[in-house]
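Novice: Can you read through this structure? Questions will come right after.
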Amino acid sequence: SSGINAELIVESKLPNIEAVWIKLLDSKINICSFYRSANFCTVDNFIDYINFCMHKFKNKKVIWIGDINIDQNNINSSQYKKLDMALKSYNMVQTIQGITRIAKRGDKFTQSTIDVIFTNCYSEFVKSVV
């Protein structure tokens, strides 16, 4: 059969961070699927988790896919700046450029990019969409 050759690495045991890691065995890429609650996980705690994981996967190919709840279009926010600095320190880029969430607040609609894919192996991507 032609399936994906992968293994479960670890599920996050940290409070307030939902994450599952798998390793694609053929390409040796480590993938994290995550959710960061804006209400229960501070940006600093999530960046600590990024630091912990990237140290563990030092010199390995890594892809993070999930809901970061930090608008990637609001480049002046302190949350965006902290996350951006952390990503750059590991040579990671955020690959999703379009709007991923439209919400109605009262009579107005808001648009944001809170669903992300960031990686340190972008040159190997063919396409990146949410």
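Novice: Check segment 65-79 and report whether any residue there is in a loop (DSSP other than H, G, I, E, B), within 14 Å of the chain's Cα centre (by Cα) and β-branched (Val, Ile, Thr). Give the derivation first.
Specialist: Let us first name the residues in segment 65-79 that are in a loop (DSSP other than H, G, I, E, B), namely 68-77.
Checking which are within 14 Å of the chain's Cα centre (by Cα) leaves us with 68-72.
Now restrict to residues that are β-branched (Val, Ile, Thr): 68, 70.
For segment 65-79, residues in a loop (DSSP other than H, G, I, E, B), within 14 Å of the chain's Cα centre (by Cα) and β-branched (Val, Ile, Thr): present.
Novice: Let me ask another. Considering only segment 4-19, state which residues are open to solvent by 60 Å² or more (accessible area, probe 1.4 Å) and either over 20 Å from Val116 (Cβ atoms) or assigned to a strand (DSSP E or B) (or both).
Specialist: If we filter segment 4-19 for residues that are open to solvent by 60 Å² or more (accessible area, probe 1.4 Å), which is where we start, we get 4-5, 7-8, 11, 13-16, 18.
Of everything in segment 4-19, those that are open to solvent by 60 Å² or more (accessible area, probe 1.4 Å) and either over 20 Å from Val116 (Cβ atoms) or assigned to a strand (DSSP E or B) (or both) turn out to be Ile4, Asn5, Glu7, Leu8, Glu11, Lys13, Pro15, Glu18.
Novice: Based on what the data block shows, is Ile96 within 27 Å of Glu11 (Cβ to Cβ), among the hydrophobic types (A, V, I, L, M, F, W, C) and not in a strand (DSSP E or B)? If you could, list the steps in order and put the result at the bottom.
Specialist: Values: within 27 Å of Glu11 (Cβ to Cβ): yes; among the hydrophobic types (A, V, I, L, M, F, W, C): yes; not in a strand (DSSP E or B): yes.
Yes: the conditions hold for Ile96.
Novice: What pairs come out if I take residues in segment 95-111 that are without any contact (Cβ under 8 Å) to a residue 40 or more places away in the chain and over 30 Å from Ser123 (Cβ atoms) and pair them with residues that are open to solvent by 80 Å² or more (accessible area, probe 1.4 Å) and among the polar types (S, T, N, Q) whose C-beta lies under 7 Å away, six or more apart or interchain?
Specialist: Filtered contacts from segment 95-111: Ile102/Gln111.
Novice: Within segment 113-130, count every residue that is closer than 17 Å to Phe46 by Cβ, in contact with a strand residue (DSSP E or B) (Cβ under 7 Å, 6 or more places away or on another chain) and open to solvent by less than 30 Å² (accessible area, probe 1.4 Å).
Specialist: Adding up the residues that qualify gives 5.
Novice: Okay, moving on. Suppose we filter segment 20-33 for residues that are open to solvent by 10 Å² or more (accessible area, probe 1.4 Å) and within 15 Å of Phe118 (Cβ to Cβ); how many remain?
Specialist: Step one: filter segment 20-33 for residues open to solvent by 10 Å² or more (accessible area, probe 1.4 Å), giving 20, 22-29, 31, 33.
Now narrow it down to the ones that are within 15 Å of Phe118 (Cβ to Cβ): 29, 31, 33.
Residues in segment 20-33 being open to solvent by 10 Å² or more (accessible area, probe 1.4 Å) and within 15 Å of Phe118 (Cβ to Cβ): 3 in total.
Novice: Could you list all residues from segment 36-49 that are without any contact (Cβ under 8 Å) to a residue 40 or more places away in the chain and either surrounded by 13 or more Cβ atoms within 10 Å (Cβ to Cβ) or assigned to a loop (DSSP other than H, G, I, E, B) (or both)?
Specialist: Applying the first criterion (without any contact (Cβ under 8 Å) to a residue 40 or more places away in the chain) to segment 36-49 yields 36-42, 44-49.
Within segment 36-49, Arg36, Ser37, Ala38, Asn39, Phe40, Cys41, Thr42, Asn45, Phe46, Ile47, Asp48, Tyr49 qualify.
Novice: Restricting attention to segment 1-35, which residues are among the aliphatic types (A, V, I, L, M), over 17 Å from Lys82 (Cβ atoms) and free of Cβ contacts under 8 Å to residues at least 60 places away in the same chain?
Specialist: Step one: list which residues in segment 1-35 are among the aliphatic types (A, V, I, L, M), which gives 4, 6, 8-10, 14, 17, 19-20, 22, 24-25, 29, 31.
From what's left, over 17 Å from Lys82 (Cβ atoms): 4, 6, 8-10, 14, 19-20, 22, 24-25, 29, 31.
Once the filter is applied, which keeps residues that are among the aliphatic types (A, V, I, L, M), over 17 Å from Lys82 (Cβ atoms) and free of Cβ contacts under 8 Å to residues at least 60 places away in the same chain, segment 1-35 yields Ile4, Ala6, Leu8, Ile9, Val10, Leu14, Ala19, Val20, Ile22, Leu24, Leu25, Ile31.
Novice: Can you tell me how many residues in segment 50-104 are open to solvent by less than 60 Å² (accessible area, probe 1.4 Å), of a type outside the set (S, T, N, Q) and closer than 16 Å to Arg36 by Cα? Steps first, please.
Specialist: Taking segment 50-104 first, the residues open to solvent by less than 60 Å² (accessible area, probe 1.4 Å) are 50-51, 53-54, 57, 62-64, 66-72, 77, 80, 83-84, 86-87, 92, 94-96, 98, 100, 103.
In the following step, the residues that additionally are of a type outside the set (S, T, N, Q) were identified as 50, 53-54, 57, 62-64, 66-68, 70-71, 80, 83-84, 86-87, 92, 96, 98, 103.
Right, trim to closer than 16 Å to Arg36 by Cα and you get 50, 53, 63-64, 66-68, 70-71, 80, 83-84, 86-87.
Of the residues in segment 50-104, 14 are open to solvent by less than 60 Å² (accessible area, probe 1.4 Å), of a type outside the set (S, T, N, Q) and closer than 16 Å to Arg36 by Cα.
Novice: Could you say whether any residue in segment 3-17 is touching a Ser or Thr at 6+ places or on another chain (Cβ under 9 Å) and either modelled with pLDDT of 95 or more or of a type in the set (Gly, Ala, Ser) (or both)?
Specialist: no
The values are calculated or read from the model by the stated rules, or taken from the named source; none is laboratory data. Since the structure is predicted, the reported quantities are computational estimates derived from the model, not experimental observations. All Cβ positions, glycine included, derive from the backbone under ideal geometry; neighbour counts span all protein chains shown. Each accessible area value is taken on the protein alone, full model and side chains, heavy atoms only, with ligands, DNA and RNA left out. Shrake-Rupley method; radii C 1.70, N 1.55, O 1.52, S 1.80 Å.
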